[in-house]
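Chemist: I am attaching a structure below and will ask some questions about it afterwards.
The values are calculated or read from the model by the stated rules, or taken from the named source; none is laboratory data. Here the structure is a predicted model, which is why all the values come from computation and not from measurement. Ideal geometry is used to build each Cβ from the backbone, glycine not excepted, and the neighbour counts take in all protein chains shown. Protein only, heavy atoms only, side chains kept; ligands, DNA and RNA dropped before computing areas. Shrake-Rupley method; radii C 1.70, N 1.55, O 1.52, S 1.80 Å.
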Amino acid sequence: MEWMEPCCTRFLAVAVAAPFHRKPAMSQDSPPVRQMVQGDHTMSFVPTIVEMTDMFSRAAAPAFFLGAVAAFISLLTARLGTVVARARLLNAIPEGSEKAHMRDDVPRLKTRARLLRNGILLSLGSGLCAGLLLGVVFATGFFGLRYSYGAGILFIVATLLLCGAIVRFAQDVIMDLHEFDYLE
């Protein structure tokens, strides 16, 4: 057990002194995998395990964001399908029928369909930005480049587009409840 004491002391001293946000330093004996060779402008494109783990942890948030956007698009698409089905049903009512007054609701349904279409397009733009953000995270991590400004801008744009889609969804929800919806 005496032999463990110097090892543990040295390990604890290194662990306490090393900040958690830094990558572990490579020993001088191990060849640098991602370092450019002096005089040769080629670079090895093999990321280390630590770098791969770091890339995956940075990609988790955009991946969850992309999943949320996909679920929101699914919700908007289902609502749009309901609005279109209702408009088709109302357009099928003959002019001389006792329910012909229900056709007055078709312009409101067209407005709702337009709002939902705009929401879907904004959500698709948000999803595209989130997908690009995932690509940027992996490409820059793979090539060892910095991406902080581009990633920040993509995330801000994706969030703003999603906020615009949520506003369109809220407008549709406000228009959803109307007196004609309860008449059959």
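Chemist: For segment 145-157, which residues satisfy the criterion of being surrounded by 15 or more Cβ atoms within 10 Å (Cβ to Cβ) and either modelled with pLDDT of 95 or more or out of contact with any helix residue (DSSP H, G or I) (no Cβ under 7 Å at 6 or more places or on another chain) (or both)?
Modeler: The answer is V157, and nothing else.
Chemist: Another question, if that's okay. Does A151 satisfy the condition of being in contact (Cβ under 8 Å) with a residue 12 or more places away in the chain, in a helix (DSSP H, G or I), on the phi < 0 side of the Ramachandran plot and out of contact with any Phe, Trp or Tyr (no Cβ under 9 Å at 6 or more places or on another chain)?
Modeler: Here the answer is yes, as A151 does meet what is asked.
Chemist: Turning to a different aspect of this structure: In the list L134, L109, which residue meets the criterion of being under 20 Å from V173 (Cα atoms) and surrounded by 17 or more Cβ atoms within 10 Å (Cβ to Cβ)?
Modeler: One residue alone meets the criteria, L109.
Chemist: Condition first: touching a Leu at 6+ places or on another chain (Cβ under 7 Å), closer than 26 Å to V167 by Cα, assigned to a helix (DSSP H, G or I) and modelled with pLDDT of 90 or more. Can you find one or more residues in segment 85-94 that meet it?
Modeler: Within segment 85-94, one or more residues are touching a Leu at 6+ places or on another chain (Cβ under 7 Å), closer than 26 Å to V167 by Cα, assigned to a helix (DSSP H, G or I) and modelled with pLDDT of 90 or more.
Chemist: When segment 112-131 is examined, which residues are found to be aliphatic (A, V, I, L, M) and closer than 12 Å to R168 by Cβ?
Modeler: A113, L115, L116, I120, L121, L122
Chemist: Sticking with this one: Can you confirm whether E51 is at pLDDT 50 or above and either in a helix (DSSP H, G or I) or open to solvent by less than 60 Å² (accessible area, probe 1.4 Å) (or both)?
Modeler: In short, yes.
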